[in-house]
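The values are calculated or read from the model by the stated rules, or taken from the named source; none is laboratory data. None of the values given here were measured: they were computed from a predicted structure. Cβ atoms come from the backbone with ideal geometry, glycine included; neighbour counts cover every protein chain shown. We work out accessible area using only protein heavy atoms, side chains counted, and drop any ligands, DNA or RNA first. Shrake-Rupley method; radii C 1.70, N 1.55, O 1.52, S 1.80 Å.
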Amino acid sequence: MLSLLKSLLRSAAILLLVSFATFCLMFGNGTGIARAILGYQATEADVQRKVVNLGLDRPLFVQFGDWLVNAVTGNLGESFFTGQTVTSALSTRVPVTLTLVILTLILTLILSVLLGVAAAVYGGWLDKVLQFVAVLGAAVPPFIIAIALVFMFAISIRLFPATGYVSPDRSFSGWILSVTLPVVALLIGSVASAASQFRGAVLDALSKDFVRTLRARGLKESHVIFRHVLRNAGGPGLTVLSLQTLGLLGGAIFVEQVMALPGMGQMANQSAQQGDVPMVMGTVVVTIIIVLSVNFLGDLANSVLNPKARTR
Amino acid sequence: MLTLGMTADIQGWDPGVQPSYQGWSADAVWDSLLRCDKTGKPEASLADKWEFSADQKTATLHLREGVKFSDGTPVDAAAVKTNAEYYATAGGASSRWAGITVTTPDTQTVAISWPAPNPLLALRMCESKIATPASIQGKKFDVPVGSGPYVLDVANTTRGSVYTFTKNDSFWDSSRFPYKKLVLKVLEDETAAVNALKTEQIDGTMVSSATLEEAKGAGENIQTLKGSSTTRLLITDHLGEKIPALGNLDVRKAMNMVFDRNAMSEKLYQGHASPAFQIFREGSDAYIPDMKDPYPFNVDEAKKLMEKAGYADGFTLQIPTMTGQNHETLMPYITQQLAQINIKVEQVALSGPNAIAELLSGKFPVPLWQLGNYGESLQDISDYVLKDGIWNVSHQPDANVDALWATVLSGSDTERKQAQQDLNKYVTEQAWFVPMAYMDRFYASNPKVDVQESSDFSGLHPLLRDFK
């Protein structure tokens, strides 16, 4: 309970620090933001009026304090450019990105465990192929894979849509079709790296004395691998998986761009270029919450698998 | 259904801050007081009769009878007054509407007056987007309410991604918009846009020369918009206040002589451009058809001019660069050619929210930009030549320009056209610009959609009414 509380406090501190750092980075000067909103034709007086209207003429700490107080009550403000509330923008953007990340994480977990165990246990050509694919998967960025997939499966063979996202409440089959290529684009690199981590951890566990003892007791090999070896190897693998969440969110930005998916990545990219402070802050806060939650869940799963981890 | 790709998201639904570039969403929901053709000449729209005063200060508009906003309220003189007064302070268009006064002699007549003669009254009327007074007074810009050919379908719209519109059958010119449904998709990445076009997810999008062949190869129709943009250096520090050398005509001439415009068109633009010797669009009033190359490519001659001016050792010039402006292709050539006369170019990358403010601040007196040319050259003169022009970033006075502009303001039609050509001649002789190439722009569309011409007076893309 105490460790849980400590973990939550640590997460809150990280959230606060990163939010403040982002706010400082985005702060820039109010005149530039107002000019970007109003465009080339605006007069200087209008620009100055806009600066005051948006409260951008106030000291940095005052602005951040206001933002923080509102954010705690769930009000993340409105876009400087479109007037849309940040929560409303996030309500359409977050599901898209989360869909990509969660589906990719689940599939990565299943595939990387299977591939990692198979490569470690059987070795030989399977192991060599996995290592080759791992290097290749890590070397080729997801957006290049996305471009290739779109060319192959959306343009040459029109199996999937080239762009866009369909919400599952509109059409379930449309949703499956719209997320397949982006998820596969993210999955290749993610599986490649996680599977080789699982492979290494399984190999390590296989060399331990307890495995020899279990085998000597005549336990079935599948029982030894899936009950005991995997439990020991699961910790490092899960840690890698939770760390990958950040990489997946980063990869999603580019995949969303290439396939025109209306996710958080696209919103963050566009808002940051414009200097749309409330929108950027909204995406940053949600991103940190996602990353911290996944890491927290990773720690939790690790402690379930490995009792030693609970005592730390 | 007509589905178009947009390379950038819209900036929300404030009628006072609407860009004309890819402004299909605004054209869908709002109607304008007048409608301009591709040369900037006005046609009837919300106003079916109009007159501009002889002193070019006042536009008097007689509004079409019986027109209503989509919420059922009438489009009357009071509504137009509210809109016009809002533009004067809204921001985006405020410098163009600053200081106006509006009178409404009756419910269907409105007179909008500028404090000084304004030869661009027609363009201002065409740019206006008339929204309901209620939305403007309450600053409620969540959902646009206008009297345009389409109505926003909020339920099928996701901001930043897809905007869906249904046809407004009570629109006064409904037959000109044959599509029952209009969908605008935000596709910022050009590869994504071309992929969407090839797989018929969209019916049309802007394409650059980089993806032109791919779109052609996929059997798309290509509309080439010629001469609507000129690549140019804008030498705005004519008085040499920031960089003394720029105040010397010989230096400005020398800067013009180090660029091989034919080679640029062929090599840098891969044949998708033609050499430019002036900054105005062919066919516009200021354009001089028989103008020969006033500064033929001649590096030796340019060096002599620099020597004569006392700047044989050159000087340093900071030129701002921004992504999406083709600077990565242009800047190496510009840098190399100016170096031949010992002008050292330092590139200053501008990005983020301050970029536009810095660009227009005058801190960099010689921007390099691919700027549009209007069908109405008065707008070019207003933006690029006049002292307060937004792109004349150093804003330095010039008595000759003022005198010629005075003729534009008070002369007859013939005198006005002549004054524009004289202005063109003057800025060319004074080498205020280094025009290099008229770059082609391309609009790619599904062959099933009929879009034969672009009636946009900026010449940058087809308008909604061009899709048949």
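Things to note:
- Residue list for the range A:95-140, restricted to those being surrounded by fewer than 20 Cβ atoms within 10 Å (Cβ to Cβ) and within 14 Å of chain B (Cβ to nearest Cβ): A:Pro95
- Residue list for the range B:115-147, restricted to those being open to solvent by less than 20 Å² (accessible area, probe 1.4 Å), part of a loop (DSSP other than H, G, I, E, B) and either under 18 Å from B:Phe69 (Cα atoms) or free of Cβ contacts under 8 Å to residues at least 60 places away in the same chain (or both): B:Ser128, B:Thr132, B:Pro144, B:Ser147
- Options B:Lys226, B:Lys185: the member that is within 13 Å of chain A (Cβ to nearest Cβ) and part of a strand (DSSP E or B): B:Lys185
- Options B:Asp9, B:Asp48; residue that is over 20 Å from the mean Cα position of the chain (by Cα) and open to solvent by 10 Å² or more (accessible area, probe 1.4 Å): B:Asp48
- Some residue of the range B:414-421 being among the β-branched types (Val, Ile, Thr) and either open to solvent by less than 20 Å² (accessible area, probe 1.4 Å) or in a loop (DSSP other than H, G, I, E, B) (or both): no
- Number of residues in the range A:167-183 that are within 11 Å of another protein chain (Cβ to nearest Cβ) and over 20 Å from the mean Cα position of the chain (by Cα): the value is 1.
- Residues (within 12 Å of A:Thr180 (Cα to Cα) and under 23 Å from the mean Cα position of the chain (by Cα)) located in the range A:133-160: A:Ala146, A:Leu149, A:Val150
- Tally, over the range A:226-239, of residues that are within 16 Å of A:Ala120 (Cβ to Cβ) and either of a type in the set (Lys, Arg) or buried (at least 21 other Cβ atoms within 10 Å of the Cβ) (or both): 6
- Single residue of B:Glu301, B:Glu307 found to be without any contact (Cβ under 8 Å) to a residue 12 or more places away in the chain, more than 14 Å from chain A (Cβ to nearest Cβ), surrounded by 14 or more Cβ atoms within 10 Å (Cβ to Cβ) and over 25 Å from the mean Cα position of the chain (by Cα): B:Glu307
- Those helices (runs of 4 or more DSSP H) lying entirely in the range A:16-108 with at least 1 residues at pLDDT 90 or above: A:60-72
- Given (1) under 27 Å from A:Val150 (Cα atoms); (2) assigned to a helix (DSSP H, G or I); (3) within 14 Å of chain B (Cβ to nearest Cβ), number of the condition A:Ala260 does not satisfy: (2)
- Among the candidates A:Leu90, A:Leu60, residue that is more than 10 Å from chain B (Cβ to nearest Cβ), in contact with a helix residue (DSSP H, G or I) (Cβ under 6 Å, 6 or more places away or on another chain) and loosely packed, with under 15 Cβ neighbours inside 10 Å: A:Leu60
- Taken over the range B:148-179, the criterion of being open to solvent by 50 Å² or more (accessible area, probe 1.4 Å) and either assigned to a helix (DSSP H, G or I) or at pLDDT 95 or above (or both) is satisfied by B:Val154, B:Ala155, B:Asn156, B:Thr166, B:Ser175, B:Arg176.
- Cβ pairs under 9 Å, 6+ apart, first in the range B:163-178 and closer than 16 Å to B:Arg64 by Cα, second modelled with pLDDT of 90 or more and polar (S, T, N, Q): B:Ser170/B:Ser70; B:Ser170/B:Ser147; B:Phe171/B:Ser147; B:Trp172/B:Ser45; B:Trp172/B:Ser147; B:Asp173/B:Ser45; B:Ser174/B:Asn168
- Cross-chain or 6+ apart pairs with Cβ under 6 Å, the range B:339-363 first and at negative phi and away from chain A (no Cβ under 14 Å), then polar (S, T, N, Q) and open to solvent by less than 30 Å² (accessible area, probe 1.4 Å): B:Gln347/B:Thr321
- Elements of the type helices (runs of 4 or more DSSP H) sitting completely within the range B:1-102 and holding at least 1 residues that are within 26 Å of B:Thr164 (Cα to Cα): these cover B:24-29, B:77-90.
- Single residue of A:Val277, A:Val240, A:Val202 found to be more than 18 Å from the chain's Cα centre (by Cα) and either acidic (Asp, Glu) or farther than 30 Å from B:Gly160 by Cα (or both): A:Val202
- Considering residues of the range A:197-208 that are modelled with pLDDT of 80 or more and either open to solvent by 30 Å² or more (accessible area, probe 1.4 Å) or touching a Pro at 6+ places or on another chain (Cβ under 7 Å) (or both) only, the residue farthest from A:Val113 (Cα to Cα): A:Asp204
- Failed item, numbered, when B:Leu386 is tested on (1) of a type outside the set (Asp, Glu); (2) more than 14 Å from every other protein chain (Cβ to nearest Cβ); (3) over 27 Å from A:Leu56 (Cβ atoms): (2)
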